[in-house]
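I have placed the structure first, in the form of structure tokens, so that the comments after it can refer back to it.
Every read-out reported here was derived from the displayed coordinates using simple, explicitly stated rules and does not represent laboratory data. Note that the coordinates shown come from a computational prediction; the quantities given were computed from them, not determined experimentally. Neighbour counts run over all protein chains shown; Cβ positions are idealised from the backbone, glycine included.
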């Protein structure tokens, strides 16, 4: 029998967010935030779980299902907190992690640094074996030498082994045998195989991915086993699902098998939230703007769904320079990360100019106004000084902010150096972080052939609603959608995501010369793997097909959805037409007279979307004054710079149909909405705040 509540938990760099959704009424029952415990994240999850259920007088036995996204994988890689890991590879390929693709990410820096490999050279071992690019066994696996090698690694205290043999994506026999040998000799050692984790061409990217998977697998397994045990002890009887970087959810068991697929699970959930709320407001194309305590993420949502990229980078040496990190061949929502969060630190750079981020104060010590030991001026400190945040109502009053510490940090570490008064410096911080987000979002949209003015913004995260209108102003966007419960928006998004798993196989061929029998065999293999993963989940599994394609001779490829009935000689024309249409949409035109090459074949297996449906209320003329909490001075630069009395409204008392004129502030426990002078706000039937720029005011 279906139980009343569903819970979503999103562990971020600064806060851990919770949503309790009432499936009977179709409305969120409660929202909650706690500070993330970086050392023991499960402790914050369990504490917040107890607290949000207590808000409505419920128990864990009343929870139907829970969805969880976590930063444990990302943090382990960035902070180098993974387990002692070894790599076994084909003789002659020991140093592939350091050789990489021999391409500089900065052509003007011959000494450009790269992140250190997750496996040091002394733990990278070679084994005698060789498979050709066609999958034929050229040299059998030397099993005696392999056993000796495994015994050596066990003696050196290795907890996890990554196996990446050349051309194992075509013939995984030797990798599978190595896994059997490790299981026979040292069953306590975890094993990750490249032929399972990333069965794709490209030895460097494939090896980097399987090493990262092995590096975090024991950590994630222990974390999830401990978390599930604690939730069971609280009386939670149903399934805990995990959010994937690709935007679907999966079982705890599947997540334990492929932990690298959780690398960007939180941001992916946020993108799904934006798509969902965009559809509610009647917008097929929106820009997701998720600004939390540590970073901001922007993502283009087209036709209600985000695009999915075939890879991402972890642990970049230069956070915003592609190529400076560890390549991870795992499907991920195609978004851009921006060094702009509430905890982003403002400082004077080498040119004597103010700069904001990318360094962040995080949750510990946090912004100066938290009073937890932070002394650096941050975006949150600036928002306190500008009057946007109520020091007594931050997190609903559970964390009292200290305005004097915020002003002192800005004055002593920034304003004096720049010859500014603290208010001007605070506005500089606020304006710069808005420009940073707007410029990154503009680049993201234009690279995807989308005019920024053609989309609406869906803003969420603890800091997003305070900056959304200003960012939209810069981009020339006239409407902003701020969901009810925006401060925990990513957690809401996880409840809207389908249960889905991506699978992929490499088979390189010209489209008109494909071995279609082999392609069908690859898809049959992936469908069988999906059936095993979804066994017992219930519901009918549906499949979507896609392929990575390019014009022959090109280096980069384009992912194209495939018609389900086109896998054969008779479907070549339909596949080519789909590729050319996608290529033209991305690059403006498609050349003629060139062969088309297929590299990878994708299968996305999905179960029906969860029954997450928000109830709507009728909109009618409402008096917003019933929600007026009072007023406080807030700073705005136009039409005349200065503080002005600003009405403050309680979001929980604003009813559908209510209209507000800027400047004003709307407060909820987890986020604050700033409505600038040139904007107005309307509460829609789902209690979302719709911000619109007034027609009589021109955008910047």
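Which FRET efficiency, nearest 0.05, do residue 626 and residue 694 yield, Cβ-Cβ r, R0 25 Å?
E(calc), rounded to 0.05, equals 0.60.
So if I take the centroid of the Cα atoms in region 251-322 and the same for region 569-593, what is the distance between those two points in Å?
What the calculation gives is 27 Å, centre to centre.
With 10 angstrom as the radius, rank 496, 682, 584 by how many other C-beta atoms surround their C-beta, starting from the fewest.
Ordered from fewest to most neighbouring Cβ atoms within 10 Å, 496, 682, 584 come out as 584, 682, 496.
State the extension gain, in nm to one decimal, for the chain segment bounded by residue 80 and residue 509, taking 0.36 nm per residue of separation less the distance between their alpha-carbons.
150.5 nm
Based on the alpha-carbon gyration tensor of region 495-607, what equivalent-ellipsoid semi-axes (square roots of 5 times the eigenvalues) come out, in whole Å, largest first?
Taking √(5λ) for each eigenvalue gives 28, 16, 11 Å, largest first.
Which of the peptides 341-354, 637-650, 10-23 is most tightly packed, and how do the rest follow, going by the mean number of other Cβ atoms within 10 Å of each residue?
Peptide ranking by packing, descending: 10-23, 341-354, 637-650.
Report the equivalent ellipsoid semi-axes for the chain in whole Å, largest first, defined as the square roots of five times the eigenvalues of the gyration tensor built from alpha carbon atoms.
Ellipsoid semi-axes (Å, largest first): 44, 27, 27.
So, by mean Cβ neighbours within 10 angstrom, what's the order for 148-155, 512-519, 596-603, 102-109 with the highest one leading?
Per-residue Cβ counts within 10 Å, averaged per peptide and sorted highest first, yield 596-603, 148-155, 512-519, 102-109.
Among rounded, prolate and oblate, which fits region 85-212 when a ≥ b ≥ c are the square roots of the eigenvalues of its C-alpha gyration tensor, a/c under 1.5 means rounded, and a/b larger than b/c means prolate?
oblate
Hey, rough spin-label estimate for residue 136 and residue 446, points 7 angstrom out along Cα→Cβ, what's it come to in nanometres?
5.2
Please give, to one decimal in nm, the separation of the simple spin-label points placed at residue 104 and residue 3, each 7 Å out from Cα toward the Cβ.
In this crude label model, residue 104 to residue 3 measures out at 5.8 nm.
Label points 7 Å out from Cα along the Cβ direction at residue 574 and residue 173: separation in nm?
3.6
For residue 91 and residue 398 in the same chain, what is the full-extension length gain: residue separation times 0.36 nm, less their Cα-Cα distance, in nm?
Values: separation 307, 0.36 × 307 = 110.52 nm, distance 5.82 nm.
This chain segment gains 104.7 nm when fully extended.
Could you list the residues of region 1-35 with an amide nitrogen less than 14 Å from a label point located 7 Å from the Cα of residue 372 in the Cα-to-C-beta direction?
Counting only backbone N, you get 12-17, 33-35.
Per DSSP H run of n ≥ 4, the term is -39500 (n - 2.57); total these for the chain, divide by its residue number, and report the mean residue ellipticity at 222 nm rounded to 500 deg cm²/dmol.
Details: 16 runs with 204 residues, N = 700.
Value at 222 nm, helices only, nearest 500: -9000 deg cm²/dmol.
Given a Förster radius of 41 Å and the C-beta distance between residue 351 and residue 544 as r, what FRET efficiency does 1/(1 + (r/R0)^6) yield to the nearest 0.05?
So, using R0 = 41 Å, E works out to roughly 0.25.
Could you rank the peptides 444-450, 670-676 by their average count of other C-beta atoms within 10 Å per residue, with the highest value first?
Taking the mean over residues of other Cβ atoms within 10 Å, the ranking is 670-676, 444-450.
Across region 125-182, what fraction of all alpha-carbon pairs, as a whole percent, falls in each successive 10 Å bin from zero upward?
23, 55, 20, 3
Would you kindly state how much longer the chain becomes between residue 237 and residue 529 on full extension, computed as 0.36 nm times their sequence separation minus their alpha carbon distance, in nm to one decimal?
Details: separation 292, 0.36 × 292 = 105.12 nm, distance 2.69 nm.
Going from the current span to full extension adds 102.4 nm.
How many angstrom separate the Cα center of region 450-498 from the Cα center of region 177-234?
36
Can you compute the FRET efficiency between residue 116 and residue 431 using 1/(1 + (r/R0)^6), with r the Cβ-Cβ distance and R0 = 30 Å? Round to the nearest 0.05.
The computed FRET efficiency comes out at 0.20.
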